[in-house]
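The values are calculated or read from the model by the stated rules, or taken from the named source; none is laboratory data. Just so it is clear, the model here is predicted, and its values are computed rather than measured. FYI the Cβ positions are ideal-geometry reconstructions off the backbone, even for glycines, and counts take in every protein chain you see. For the accessible areas, the whole protein counts, side chains as well, though only heavy atoms, and no ligand, DNA or RNA atoms are used. Shrake-Rupley method; radii C 1.70, N 1.55, O 1.52, S 1.80 Å.
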Amino acid sequence: MPDASTQPEPFRPRATTAALEDLRARLRRTRWPDAPEDCGWALGTDVDYLRELVDYWAEEFDWPAQEAALNALPRFRVPIGGLGIHFVHSRANSDIAALPLILSHGWPDSFWRYSKVVSLLTDPGRYGGDPADAFDVVVPDVPGFGYSDRPPGAPLDSVAVAGLFAELMGVLGYERFGAAGGDIGSHVSRYLALDNPHRVVAVHRTDAGLPLYPGAPTNLTPSEQEWVDGAVAWGQSEGAYAAIHRTKPQTAAVGLNDSPAGLAAWIVEKLRAWSDCDGDVERAFSKDEILTNITIYWLTETIGSSMRMYRANGAIQPEKYARRVQVPSGFSLFPGDVVLPPREWLDRTANVTRVSEPARGGHFAPFEEPELYAQELREFFRPYR
């Protein structure tokens, strides 16, 4: 039984009027860069689109309404490992014993990634599903993201975060649970399973990360080598952001933490590039949804701390990447995601019991396609309840 010092406390943040007025004033004072004629998104964020988004943010976006919608989720904070951890904890609406499930997000997002799927998972019967598939859902913010504390010293890597999240599940009374995630959250879920095989009954991921193979390249199959080559090519054309995050995050953080337009440019370009939107970001996210994600970063001032986690993960020892997940593992590979892995790699790195390829969705599948994503989790975890 946790002591009083580790009891979760309800959490309902509310932005001050002064903070919102300052945000709007900064948006209205944006000093815009020039851009080559008709370059669109080819050189990064389309400045014409960004002007439209920033104008909407300054003049029409209703943060208090979005904040109230997020606060309708059961949100808490609790001290874990010397840090205040923010999380959603929503219990199943079912008389049947539910499987606890921890969902881990990535970058550039927060608990926002899963805000559409919580009720789908806790009350499947309400949406035409089987009530026996209900979960108790826990969605933490990674330290340095969202409303969790920023680590005051060195950033935490995915291994350390997995340790904190395992402790969080213990504080909540869950000794046995499932884990799921994507992006950085895929790594966190992997280490949850690796380091807690007696507690994690199964792990579900929407990606396998980028290929980091410590062995000889000749040991890879042709499909795996093709994937590695594709990842290298992707890094050369799309990976500049990650190189900055790993090497000089503080340089970028100065501008991004000071300019909301700059912050929006840094994030919306990735929302577009990594989602299944065919080049039109608003096919995947409305302006309100885009700006809710970005405003969380702005109000919590976590863009710098979120980027620093790339540096920490870049220092993880190669032998940790070589560890194979032995608990049952499932993968849902959404078509709009980046650098999709071959089955041979999945089998090399995990005890794979299910791989699916949903018809649509991208890197942010829980937000882009919440019904599809929820169904993927229900079907994968059904044998492990």
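For the reader, a short list of remarks on this structure follows.
- When peptides 247-256, 232-241, 129-138 are sorted by average Cβ neighbour count within 10 Å, with the highest value leading, the order is 129-138, 247-256, 232-241.
- Nearest-0.05 FRET efficiency for D195 and A132, computed from C-beta distance (R0 22 Å): 0.15
- Residue-normalised convex hull volume from the C-alpha trace of segment 290-341: 152 Å³ per residue.
- Computed over segment 1-79, the convex hull of the alpha-carbon atoms projects to a mean area of 8.6 nm².
- As a fraction of the 1.4 Å probe accessible area of segment 1-105, surface on carbon and sulfur atoms comes out at 48 percent.
- Carbon/sulfur fraction of accessible area - segment 332-385, other protein chains in place, 1.4 Å, %: 46 percent
- Whole-number accessible area per residue in Å² for the chain, which is evaluated in the context of all protein chains at 1.4 Å: 42 Å²
- Mean separation of Cα contacts under 8 Å (6+ apart) over length of the chain, as relative contact order %: 19 percent
- Ignoring lysines fewer than eight residues from K320 along the same chain, the ones with Cα atoms less than 27 angstrom from its Cα are K248.
- The residue among T292, Q326, S306 whose Cα reaches farthest toward the positive pole of the charge dipole of segment 285-380, with charges on the beta-carbon of Lys, Arg, Asp and Glu, is Q326.
- For segment 179-269, convex hull of alpha carbons as volume per residue, Å³: 154 Å³
- Since only A154, S223, V339 are under comparison, the one whose Cα sits farthest along the positive direction of the charge dipole of the chain, derived from C-beta charges on Lys, Arg, Asp and Glu, is A154.
- Interchain or long-range residues, amide H under 5 Å from S275's placed H: H363
- FRET efficiency for A42 and D95, using Cβ-Cβ distance with R0 set to 51 Å, rounded to 0.05: 0.40
- For a straight C-alpha distance cut-off of 18 angstrom, the lysines reachable from K116 (same-chain residues fewer than eight places away being disregarded) are K287.
- Solvent-accessible area, 1.4 Å probe, carbon plus sulfur percent, for segment 110-184: 50 percent
- Rg over Rh [alpha-carbon atoms, Kirkwood Rh] for the chain: 0.95
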